[in-house]
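Report on the following structure.
The values are calculated or read from the model by the stated rules, or taken from the named source; none is laboratory data. Every value quoted in this text rests on a predicted model; they were computed, and no experiment measured them. Here Cβ is always computed from backbone atoms with ideal geometry, including for glycine, and neighbour counts include all displayed protein chains.
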Amino acid sequence: MSELERHSYDVLVIGAGGAGLRAAVEAREAGLRVAIICKSLFGKAHTVMAEGGAAASMGNVNDNDNWMVHFRDTMRGGKFLNHYRMAELHAKEAPDRIWELETWGALFDRTKEGKISQRNFGGHEYPRLAHVGDRTGLELIRTMQQKIVALQQKDGKQYASMESNVKVFAELTITDILKENGRVSGAYGYWRESGAEVLFEAPTVIIATGGVGKTFKITSNSWEGTGDGHALALKAGANLVDMEFLQFHPTGMVWPPSVRGILVTESVRGEGGVLTNTAGERFMFNYIPDVFKEIYADNEAEADRWYVDQDNNRRPPELLPRDEVARAINSEVKAGRGTEHGGVFLDVSKRLSAEVIKKRLPSMWHQFFELAGVDITKEPMEVGPTCHYVMGGVEVDPDSAAAVGVPGLFAAGEVAGGMHGSNRLGGNSLTDLLVFGRRAGIGAAQYFKSNGKNPVSDSAIRTAATRIQAPFDREGGENSYALHAELQEVAHNLVGIIRTASELEDAITQIADIRKRSANVSVSGGRKFNPGFHLAFDLDNMLLVAESTAKSAILREESRGGHTREDFPGMNNKWRQINHISSFDGVQVNVRQQALPALPKELFDLFDIHELEKYMTQEEIAKGGTN
Amino acid sequence: MARMLKLRIWRGDSTDGALQDVQVEVNEGEVVLDVIHRVQATQMGDLAVRWNCKAGKCGSCSMEINGKPRLACMTQVAAYGEEETITVTPLRAFPVIKDLVTDVSFNYKKAMEIPAYAHPDELAPGEARMEQIDVERSQEFRKCIECFLCQDTCHVIRDHEENKKSFAGPRFFIRIAELDMHPLDTLRNRKKTAQEEHGLGMCNITKCCTEVCPEHIRITDNAIIPMKERVVDIKYDPARWLGSKIRKRDGIV
Amino acid sequence: MSGVFSPSRAKIKERTLRTDKWWLQPAITFGVLFSFVIYATLRAFENKYYFVEPLISPFYSPCLSTSCEPGTALAIFGQPFNNKYFGIGISPALFILIFPLGFRMTCYYYRKAYYRAFWLSPPACAVAEPHKKYTGETRAPLILQNSHRWFFYAGLVFNVILTWDTILAFRNADKEWGHLSVGTLVFLFSTTMLWLYSLSCHTCRHTLGGRLKHFSKHPVRYKAWTFVSALNHKHQNFAWISLFGVASADIYVRAVASGAITNFYFF
């Protein structure tokens, strides 16, 4: 056995998406030595997929906008389950984070006055999303990637090497966060390329690993979204909050497999796209909730007329809110009226001419034509709900992004919980990355300055090393690809968009069973760039995440945002006061209830009391906020 | 409907390797990355391939398909004949690591050699004003997804390993052009260093970079040639050179 | 072993694994350009059949030598060159062809075309080139490609002269105005294409606006740049069409001057 590769840093950032890179920049600017871990190549993180924009109340397009309006929108979107302090910090700091990017070279689209242009988006009262065409996420990640390079160039002038104080470790997976004396001491992992093991000695670790989509069969997330950070945090003794809340987008592509889950923009329906089942029935008319009957058409003739005359006709039911449409599609498929690939048809070809489709939906036309070989001007698209985003995540202190319960551990971005409550607004994720990425960097720097180094013990190294070697030592064990497929099936069918107690019980049993079998995964081939080996570790993480989600979901007996219980439809104001906290005891995930921090008076007073009555109990209203 | 596809995959590492024939099921509408994944899941569990977003947005699954540098997620199997064998190999301009995965660290080294954007000191965050028409040229180059197909196809380094030390490659020429055309960048010597340090003069504008770009960035016409012309302004045009000495005009320095 | 056969690269023995007809494009380019060069050389040395009232071949215009046929002189230039240097008779075409030839030789599009088709550097994308060493356009003689803009300016002068020739072609053989012949149309086509070729040139695009950092401060030049940018998309097409245009104008003049055909007049 050759000698173990060791690195020593002040801060280790796991994840090189928006949050991780922003944290790294801040930590370096505070004078720390920083290592950045990416699971794939530098600059490929899932942040690149974000299209719409980054929400910040700069007021460039409508000067009535300010942080208070943004805060209100965020709380409403999250159905008031958000951690108020996170929503407050986010709304207050988002504009500065966007402007800062501009000083690093980002080029957003402009207004006529030369300011950063802002666009409208669902749930935002004013045009608020800074954007670059439909590739805002790419702009964000590239800007920060280049900012990291700028910092390295600065170091290069001062020190021996450009990489002396910030180094990117690309294609490296972290398998364990190490602790000594109850505090973080480093992390252990392997190079994906060679399979060789690496030890990072670092007293502070920032987790910024993104989402968990790969737990589900259909997702818009890439292979990296395997909940690594969620699982690492759990195993290190941190908590996850509200893991039952997952955002499903109603229309993702479902076939062929390469594109399964990729988003089909809402504007397809806005332009006249019609949803039908395999019987050819336009089924959305059967799913109009009573509260919407006034504004949505109950017959095809009227719905069709709406496209030409919106004043005298009611809207077509295809334009119901996202969760309603997602649930409807889900019900049709469950009732056996879906396509063989588990979707329904979305058709624009019958209503619009080929030219109009190509003109109004150019990116969709290209997406289907180039990726799926489907010409949407001639044939219908096959669509179904796709797992998009996890609102739940590591429980953190809002101001410092420190993980509760583990000194030295921090979390930011999608992997952190609380900010978005039960449902995230479009555009809030990109600014979430920036605001809390920066705060995590500051938090880590402050922690490091007062606590210093914390050496890793040999026994901790041995334990971590044994875990990595294990799948190679087993023979004829389970295949990680097959187990992953099984888990995705269970998660999709039983913990998916609509849940019931009996299915969730079933899921918990089945997930436990897969987890038991996963302990016996064996890997063929060597250590060198072996995806079967990589998946074995990702699988372990996804299993913990799925368990946490299923166990939180079965407890929450209401429907709110990204959690829908068929057996408990509707919101319950009592449940709004409760967070579900997952922890790991080494054997299984345990979920307990914890009180959601109450709104302080100054934030409480930002809302109309009648609005709060919809979400809060009489006692809460009577109190009028804390302090 | 499903049919069997003949696929030849290069397998090996830096010491040795060869093309291996496999037969794999393919469904309607599938791309090359799908069938590679199927081979991986059913026949070669340890087949190494890079990929991320599977939607042509991250630029990870770069490889050569029937000899052409392409993104596997954007290459329809149906684009080839039913009887045709599809050959996939790793990028041939970079050192191979294993199977379809190459060591692209060359590109990240080059990225570190391009001086970063220099924001005007006097402009605090939020004070910048830029017209849309002034940012559009640079925005085109910022569409780059860093798939490095242009770097792979460029004969300057593909066919001449020794040029790697003195040549940044098309991806970084568009980066230099982006910064040189950035309305607020204050670094003044980008044209000179493009020619003298990053090897702009090595490019003989044969346009292969433009041909392979999955983002359809007009690398040669909009970045490399304009940069070559800007270099002429400062280095090879006596009249302009003289003019720039006498009065510093917008766009010359 | 270098290039794709370098020790660190994937061990593949083929120079390329492309299965399409990648050799076709360079082969056609080679064939056409080579034919044109042969034809132009022969014509330049032929020193006859280049003028028949009112048409002068673009290969010989402006005709600046004392040996030029009567009636070919342009007033502003006169005919300053003696036809005898070093005791050898020199064709008047040779005094001027260097300019249009230089413009095309240093043109960013033609460079691509002949580097690929003649130099095989590379013959096609992802097809290994045969050369051991490569230094691009960093040293002599290829560093002279940077003189493109001077040839561009010269090309503009020639375009003006050929435009004048085209205007003169609206006359009949007796120099009376208001006539239109097949020759007029051939010249109109050739000259229009030459203008489009020059205007769509990368140097033109750079000069008009490309070199600016802030378009917003120069609205007129931005408009011009936008227009030229649109033309620039088609630069390759204009390069070829204008080449055929010039050749056809010369062929037509030669055919009429040699008496093979007569210039048909519509009116």
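Going through (1) more than 29 Å from A:Gly18 (Cβ to Cβ); (2) of a type in the set (A, V, I, L, M); (3) at pLDDT 95 or above one by one, A:Leu433 falls short only on (1).
Within the span defined as region A:281-289, one or more residues are modelled with pLDDT of 90 or more, surrounded by fewer than 19 Cβ atoms within 10 Å (Cβ to Cβ) and acidic (Asp, Glu). Here's a check for you: in region B:66-96, which residue that is in contact with a Ser or Thr (Cβ under 7 Å, 6 or more places away or on another chain) and hydrophobic (A, V, I, L, M, F, W, C) is modelled with the lowest pLDDT? The qualifying residue modelled with the lowest pLDDT is B:Cys73. Of all residues in region A:122-165, those that are within 20 Å of the chain's Cα centre (by Cα) and at the interface with chain B (Cβ under 8 Å from one of its Cβ atoms) total 4. The single condition among (1) of a type in the set (A, V, I, L, M); (2) in contact with a strand residue (DSSP E or B) (Cβ under 8 Å, 6 or more places away or on another chain); (3) assigned to a helix (DSSP H, G or I) that A:Ile177 does not satisfy is (3).
If we only count strands (runs of 3 or more DSSP E) wholly inside region B:1-114, which ones have 2 or more residues that are more than 13 Å from chain A (Cβ to nearest Cβ) and closer than 20 Å to A:Val259 by Cβ? Please lay out each step first, then the result.
On the way: elements: B:3-12, B:17-26, B:62-65, B:68-71, B:86-89, B:96-98.
Passing ranges, in order: B:3-12, B:62-65, B:86-89.
I'd like to know if region A:557-564 contains one or more residues that are surrounded by fewer than 24 Cβ atoms within 10 Å (Cβ to Cβ), of a type in the set (Lys, Arg) and not in a helix (DSSP H, G or I). Checking region A:557-564: not a single residue is surrounded by fewer than 24 Cβ atoms within 10 Å (Cβ to Cβ), of a type in the set (Lys, Arg) and not in a helix (DSSP H, G or I). Conditions first: (1) assigned to a helix (DSSP H, G or I); (2) more than 15 Å from the chain's Cα centre (by Cα); (3) over 30 Å from B:Thr153 (Cβ atoms). C:Leu144 passes all but one, so which condition is the exception? Exception for C:Leu144: condition (3). For region A:181-197, filtering for residues that are surrounded by fewer than 20 Cβ atoms within 10 Å (Cβ to Cβ) and either at pLDDT below 95 or closer than 20 Å to A:Glu5 by Cβ (or both) leaves 5. Taken as a whole, the condition of being closer than 30 Å to C:Pro70 by Cα and assigned to a loop (DSSP other than H, G, I, E, B) does not apply to C:Asp165.
Just need a number here: residues in region C:1-51 that are in a helix (DSSP H, G or I), facing chain B (nearest Cβ under 8 Å) and in contact with a Phe, Trp or Tyr (Cβ under 9 Å, 6 or more places away or on another chain). Selection size over region C:1-51: 0. Screening A:Lys44 on (1) within 12 Å of chain B (Cβ to nearest Cβ); (2) in contact with a Phe, Trp or Tyr (Cβ under 8 Å, 6 or more places away or on another chain); (3) basic (Lys, Arg) shows it passes everything except condition (2).
For region C:94-123: of the residues being in a loop (DSSP other than H, G, I, E, B) and in contact with a helix residue (DSSP H, G or I) (Cβ under 6 Å, 6 or more places away or on another chain), which is nearest to the other protein chains (Cβ to nearest Cβ)?
Let us first name the residues in region C:94-123 that are in a loop (DSSP other than H, G, I, E, B), namely C:97, C:106-107, C:118-123.
When the remaining residues are screened for being in contact with a helix residue (DSSP H, G or I) (Cβ under 6 Å, 6 or more places away or on another chain), the result is C:97, C:106, C:121-123.
Details: C:Leu97: 24, C:Thr106: 11, C:Ser121: 7, C:Pro122: 4, C:Pro123: 9 Å.
It comes out as C:Pro122.
If only residues of region A:486-530 that are in contact (Cβ under 8 Å) with a residue 24 or more places away in the chain and acidic (Asp, Glu) are counted, the one that is farthest from A:Ser559 (Cα to Cα) is A:Glu486.
Answer yes or no as to whether A:Glu201 is at pLDDT 95 or above, more than 26 Å from the chain's Cα centre (by Cα), surrounded by fewer than 24 Cβ atoms within 10 Å (Cβ to Cβ) and over 24 Å from A:Ala491 (Cα atoms). When the stated conditions are applied, A:Glu201 passes them. Restricting the search to helices (runs of 4 or more DSSP H) fully inside region A:312-425 and requiring at least 3 residues that are over 30 Å from A:Tyr84 (Cα atoms) and of a type in the set (A, V, I, L, M, F, W, C) gives A:322-334, A:354-360. For C:Asn159, the conditions (1) surrounded by fewer than 22 Cβ atoms within 10 Å (Cβ to Cβ); (2) within 14 Å of another protein chain (Cβ to nearest Cβ) all hold with the exception of (2). Restrict the check to region B:127-148 and report whether at least one residue is away from chain A (no Cβ under 13 Å) and surrounded by 16 or more Cβ atoms within 10 Å (Cβ to Cβ). No, that holds for no residue. From the list A:Leu21, A:Leu32, the one residue that fits, being hydrophobic (A, V, I, L, M, F, W, C) and in a loop (DSSP other than H, G, I, E, B), is A:Leu32.
Close Cβ contacts (under 6 Å, 6 or more residues apart or on different chains) running from residues in region B:161-176 that are under 25 Å from C:Pro130 (Cβ atoms) and among the polar types (S, T, N, Q) to residues that are modelled with pLDDT of 95 or more and in a helix (DSSP H, G or I) comprise B:Asn163/B:Val156; B:Asn163/B:Ile157.
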